[in-house]
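K.L.:
Below is one structure. I have some questions about it.
The values are calculated or read from the model by the stated rules, or taken from the named source; none is laboratory data. All values reported here derive from a predicted model rather than from experimental measurement. All Cβ positions, even for glycine, are placed from backbone atoms using ideal geometry, and neighbour counts span all protein chains on display. Just the protein is used for accessible areas: all its heavy atoms, side chains included, with ligands, DNA and RNA removed. Shrake-Rupley method; radii C 1.70, N 1.55, O 1.52, S 1.80 Å.
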Amino acid sequence: MSRRSRIFMSLVACSALAAATVAAPATAGAATGSDDTGGAEPPAELVDEFGVDALSEPQITEQRSLFGGARESTIRIGPVIAEAHEHDDDDHDGGHEAGSGHGTHGDGPRGPEEKAHGTHTTIAAPVPMPCWLLSCYITSVEPDLTYKDGSRANYDTDIMLHHAVLFDRSREDITCADETLGLAGQRIFAAGNERTGGQIPEGYGLPIGPVPLLWSVVELENFAPEAQAVFFDMTVEATPSLLDSGVTEVTPVWWDVANCTFDSHHHVPEGESTTTWQWESTLTGTLHAAGGHLHDGGDTLTLHNRTTGDELCASHADYGNDPAYLGHIDTMTTCTDGNLGTITQGDTLELVSDYHSHYPQHNAMSIMIGFVEETD
């Protein structure tokens, strides 16, 4: 199917959904997996390949105007019912109190010395955007995982945000356009439990069309013996394009050691290791912002332009900054200085992932998302 045909079909299939979602957001009390979703069905690519358990419900809970016509919106997806975790032989201490039984004891400088063990729940949800009937530019996204009362959900409450990914189904993905994953749409934002926000430098923005065609996939890991109801929250800043023609469009580019797979997992051994992945650029432009995602044991994720010899971005992991993380990874630095370097079509970009893990991992991740101003 051609790009134009796929975009047209997405518009036809999703226009009614978008109107219903934005005009009449779902109520926060609706249960995950209920039939009260306005007839919306998650895209087949997300259900089949990501192992989606249920369709969750979105709503815009708060909006406020910012200087210059921009708008800040709080988007809430949920409640997501994280399935209860039953004790198994892999639980090292067998405990089920908050902060026990999931690899939090014997902490080292790069996360706990034992692997976390919990039960995974994955949901899909449409994402309402605050620019209905107007094209706009997203300039900032801040993710979080919370309970109904707004308190934060984290390792200290026996749950974690394993990952969340946002797709724009009106556009093709840059690095997976010809792969099955590309059918899900362009990957525009992702977050792990460290909850790194995406901030694009002033004067630049991620374009979103007048009909929201955004979907999210959210995976949780619950360590508690009982189910937990949580919400995936995003604080989004957006500027209507009609109000600020001075904003320059940037293109999101996803670089991934396990690129074009639906779980992005790769193996790292115990101890120090380096994993690399290369991509021949299909675009020309200037990289203005980038940030990485690693798991426990991760040290640094670095993007190089091997053709020019430039280092474009180094995203560093850190631990021990927030007690709620119980020693797990809680910080990834970002590169947002504006002009990080140029990329030319045909250049070889290399992603280098450095881990120092206390144990072998079969589901490590090494992902970086960058925002490029295309010039050709």
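K.L.:
If you go through segment 60-96 one residue at a time, how many are open to solvent by 100 Å² or more (accessible area, probe 1.4 Å), modelled with pLDDT under 80 and in a loop (DSSP other than H, G, I, E, B)? Walk me through it before giving the result.
P.N.:
Taking segment 60-96 and keeping what is open to solvent by 100 Å² or more (accessible area, probe 1.4 Å), we get 62, 64, 67, 83, 86-87, 89, 92.
Then keep just the ones that are modelled with pLDDT under 80; that gives 67, 87, 89, 92.
Narrowing further to those that are in a loop (DSSP other than H, G, I, E, B): 87, 89, 92.
Count: 3.
K.L.:
A further question on this structure: Say whether the condition of being touching a Gly at 6+ places or on another chain (Cβ under 9 Å) and loosely packed, with under 15 Cβ neighbours inside 10 Å is met by at least one residue in segment 228-239.
P.N.:
yes
K.L.:
Test each condition in (1) farther than 30 Å from Gly78 by Cα; (2) not in a loop (DSSP other than H, G, I, E, B) for Gly246 and report the one that comes out false.
P.N.:
Every listed condition holds for Gly246 apart from (2).
K.L.:
Something else about it: Just to confirm my filter: which strands (runs of 3 or more DSSP E) fall fully inside segment 313-376 and include at least 2 residues that are under 25 Å from Gly111 (Cβ atoms) and of a type outside the set (Ser, Thr, Tyr)?
P.N.:
329-332, 348-357, 361-364, 366-374
K.L.:
Any idea which of Thr276, Thr307, Thr261 is part of a strand (DSSP E or B) and either open to solvent by 30 Å² or more (accessible area, probe 1.4 Å) or closer than 14 Å to Thr342 by Cβ (or both)? Reasoning before the result, please.
P.N.:
Numbers: Thr307 fails: part of a strand (DSSP E or B); Thr261 fails: part of a strand (DSSP E or B).
After applying the criteria, what remains is Thr276.
K.L.:
Which numbered condition in (1) more than 19 Å from Cys176 (Cα to Cα); (2) open to solvent by 20 Å² or more (accessible area, probe 1.4 Å); (3) touching a residue at least 12 places away in the same chain (Cβ under 8 Å); (4) not basic (Lys, Arg) is the only one that Phe371 fails?
P.N.:
(1)
K.L.:
For segment 97-122, how many residues meet the condition of being within 24 Å of the chain's Cα centre (by Cα), at pLDDT 80 or above and more than 30 Å from Val372 (Cβ to Cβ)?
P.N.:
Adding up the residues that qualify gives 10.
K.L.:
Of the numbered conditions (1) in contact with a Ser or Thr (Cβ under 8 Å, 6 or more places away or on another chain); (2) open to solvent by 20 Å² or more (accessible area, probe 1.4 Å); (3) over 25 Å from Pro112 (Cα atoms), Ser281 satisfies every one except a single condition; which is it?
P.N.:
Status for Ser281: all satisfied but (2).
K.L.:
Here's a follow-up. Would you mind telling me which numbered condition in (1) on the phi < 0 side of the Ramachandran plot; (2) crowded, with 22+ Cβ neighbours inside 10 Å; (3) not β-branched (Val, Ile, Thr) Gly297 fails?
P.N.:
Unmet for Gly297, out of (1) on the phi < 0 side of the Ramachandran plot; (2) crowded, with 22+ Cβ neighbours inside 10 Å; (3) not β-branched (Val, Ile, Thr): (1).
K.L.:
Go through (1) among the acidic types (Asp, Glu); (2) closer than 25 Å to Leu326 by Cα; (3) modelled with pLDDT of 60 or more for Asp53 and report which single condition fails.
P.N.:
Here Asp53 clears every test but (2).
K.L.:
Quick one: what pairs do we get from segment 311-330, first residue aromatic (Phe, Trp, Tyr), second open to solvent by less than 60 Å² (accessible area, probe 1.4 Å) and part of a loop (DSSP other than H, G, I, E, B), C-beta under 9 Å, 6+ apart or different chains?
P.N.:
Hits for this filter: Tyr319/Asp296; Tyr319/Gly327; Tyr319/His328; Tyr325/Asn154; Tyr325/Asn193; Tyr325/Glu194.
K.L.:
Please specify each residue of segment 135-159 satisfying the condition of being of a type outside the set (Ser, Thr, Tyr) and surrounded by fewer than 16 Cβ atoms within 10 Å (Cβ to Cβ).
P.N.:
Across segment 135-159, the qualifying residues are Lys148, Asp149, Gly150, Arg152, Asp156.
K.L.:
Also, I was wondering about something else. Among the residues of segment 211-220, are any of a type in the set (Val, Ile, Thr), within 25 Å of Ala70 (Cα to Cα) and either open to solvent by less than 10 Å² (accessible area, probe 1.4 Å) or not in a loop (DSSP other than H, G, I, E, B) (or both)? Steps first, answer last, please.
P.N.:
Step one: list which residues in segment 211-220 are of a type in the set (Val, Ile, Thr), which gives 211, 217-218.
After this cut, where a residue has to be within 25 Å of Ala70 (Cα to Cα) as well, the list is 211.
After this cut, where a residue has to be either open to solvent by less than 10 Å² (accessible area, probe 1.4 Å) or not in a loop (DSSP other than H, G, I, E, B) (or both) as well, the list is none.
Scanning segment 211-220 turns up no residue that is of a type in the set (Val, Ile, Thr), within 25 Å of Ala70 (Cα to Cα) and either open to solvent by less than 10 Å² (accessible area, probe 1.4 Å) or not in a loop (DSSP other than H, G, I, E, B) (or both).
K.L.:
A further question follows. Go through segment 204-213 and give me each residue that's out of contact with any His (no Cβ under 8 Å at 6 or more places or on another chain) and modelled with pLDDT of 90 or more. Even if it seems obvious, please write down each step before you answer.
P.N.:
Just the residues of segment 204-213 that are out of contact with any His (no Cβ under 8 Å at 6 or more places or on another chain), to begin with: 205-213.
Matches in segment 204-213: Gly205, Leu206, Pro207.
K.L.:
Here is a further query. So in segment 155-167, with the set limited to residues that are in a helix (DSSP H, G or I) and not β-branched (Val, Ile, Thr), which one is nearest to the chain's Cα centre (by Cα)?
P.N.:
Tyr155
K.L.:
From the set of residues in segment 310-327 that are over 23 Å from Glu374 (Cβ atoms) and of a type in the set (Gly, Ala, Ser), which is surrounded by the fewest Cβ atoms within 10 Å (Cβ to Cβ)? Walk me through it before giving the result.
P.N.:
First, pick out the residues of segment 310-327 that are over 23 Å from Glu374 (Cβ atoms): 314, 316-327.
Those left that are additionally of a type in the set (Gly, Ala, Ser): 314, 317, 320, 324, 327.
On the way: Ala314: 17, Ala317: 25, Gly320: 16, Ala324: 14, Gly327: 23.
Ranking the qualifying residues of segment 310-327, first place goes to Ala324.
K.L.:
Taking into account only those residues within segment 168-210 that are in a strand (DSSP E or B) and closer than 25 Å to Gly298 by Cβ, which is most open to solvent (accessible area, probe 1.4 Å)? Spell out the reasoning first.
P.N.:
So the first thing to find is which residues in segment 168-210 are in a strand (DSSP E or B), and the list is 168, 186-191, 198-199, 204-208.
Narrowing further to those that are closer than 25 Å to Gly298 by Cβ: 187-191, 198-199.
Numbers: Arg187: 7, Ile188: 6, Phe189: 19, Ala190: 30, Ala191: 7, Gly198: 19, Gln199: 93 Å².
Selected residue: Gln199.
K.L.:
Something else now. For segment 255-283, enumerate the residues that are aliphatic (A, V, I, L, M) and out of contact with any His (no Cβ under 6 Å at 6 or more places or on another chain).
P.N.:
Filtering segment 255-283 down to residues aliphatic (A, V, I, L, M) leaves 257-258, 268, 283.
Of everything in segment 255-283, those that are aliphatic (A, V, I, L, M) and out of contact with any His (no Cβ under 6 Å at 6 or more places or on another chain) turn out to be Val268, Leu283.
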